[in-house]
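Laboratory data are not the source of any read-out in this text; all were calculated from the coordinates shown. Being a predicted model, the structure only gives us computed values, none of them experimental. Because the Cβ atoms are built from the backbone with ideal geometry, glycine has one as well, and the counts that use them run over all protein chains shown.
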Amino acid sequence: MSAQLLQRQAMDKHGIVATMDVNGKILSANDKCSQLSGFSIDEIIGENISAFDITNMSEQEKSDIFVSLSQGQTWQGEVHSLTKLGEPWYVFATLVPVFKSPPRVDHLNCYCHRYIRTKAIRDETFRRARVLSKYH
């Protein structure tokens, strides 16, 4: 088994992993990505990342990220979206450009760690506090 395949297997077991082209088209995704989003692997592959309505970023921020990635820079940050059933999900993502022949970026690897429970609980607590404050 190749070192590259062993590395991919380790990453697949550890977290959410996806690969996309430089335009955001998803080329591969692991089972954890499917479980988080509620979409099947077949529904994910071939979609553009923009189809997964990233709720915590403006279109300009998303564009800036892809410009940076196309220039070979790694990006890290929080990503919020909704599952297929409309439930919120939260991850800390690292997007890494992969070069075929520098300086040309061939594709992007995305590695994420989920933190849905604590983030969702915090958001729900703030939402309830706002609702209650309207009545006091």
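In terms of distances greater than 19 angstrom between alpha carbons, the cross-link table entries Lys32/Lys84; Lys32/Lys62; Lys25/Lys62 yield Lys32/Lys62.
In the elastic network of the chain, a GNM with C-alpha springs shorter than 10 Å, the most mobile of Ile44, Ile16, Ile65 is Ile65. Farthest towards the positive end of the charge dipole of the chain, among the residues Gln7, Asn30, Tyr135, is the Cα of Tyr135, using unit charges on the Cβ of Lys, Arg, Asp and Glu.
Of the trypsin sites (Lys or Arg not before Pro) found in region 62-107, the ones in coil according to DSSP and having at most 13 other Cβ atoms within 10 Å of their Cβ are Lys84.
Just round it to a whole percent: the fraction of Cα-Cα distances in region 64-133 exceeding 14 Å. Counting pairs separated by more than 14 Å, the tail of P(r) holds 67 percent.
The local environment of Lys134, defined by Cβ-Cβ distances under 12 Å, has a net charge of +3 under the rule Lys, Arg +1 and Asp, Glu -1.
Over region 42-136, what relative contact order in percent results from Cα pairs under 8 Å that are six or more residues apart? Write out the running numbers ahead of the final one.
Details: 115 pairs, mean separation 19.0, N = 95.
RCO, region 42-136: 20 percent.
Using only side-chain charges placed at the Cβ, +1 for Lys and Arg and -1 for Asp and Glu, the dipole size of the chain relative to its Cα centre rounds to 500 debye.
Across all directions, the average projected area of the convex hull around the alpha carbons of the chain is 9.7 nm².
Residues of the chain were split at every exposed loop site, defined as chymotrypsin sites (Phe, Trp or Tyr not before Pro) in a DSSP loop with at most 15 other C-beta atoms within 10 angstrom, and the longest piece left, sites excluded, is 1-114. From its DSSP helices (H runs of at least four residues, each -39,500 (n - 2.57)), the chain gives a residue-normalised ellipticity at 222 nm of -11500 deg cm²/dmol.
For the pair Gln60 and Glu124 in one chain, pulling the backbone fully straight at 0.36 nm per residue adds 20.3 nm over the alpha carbon distance.
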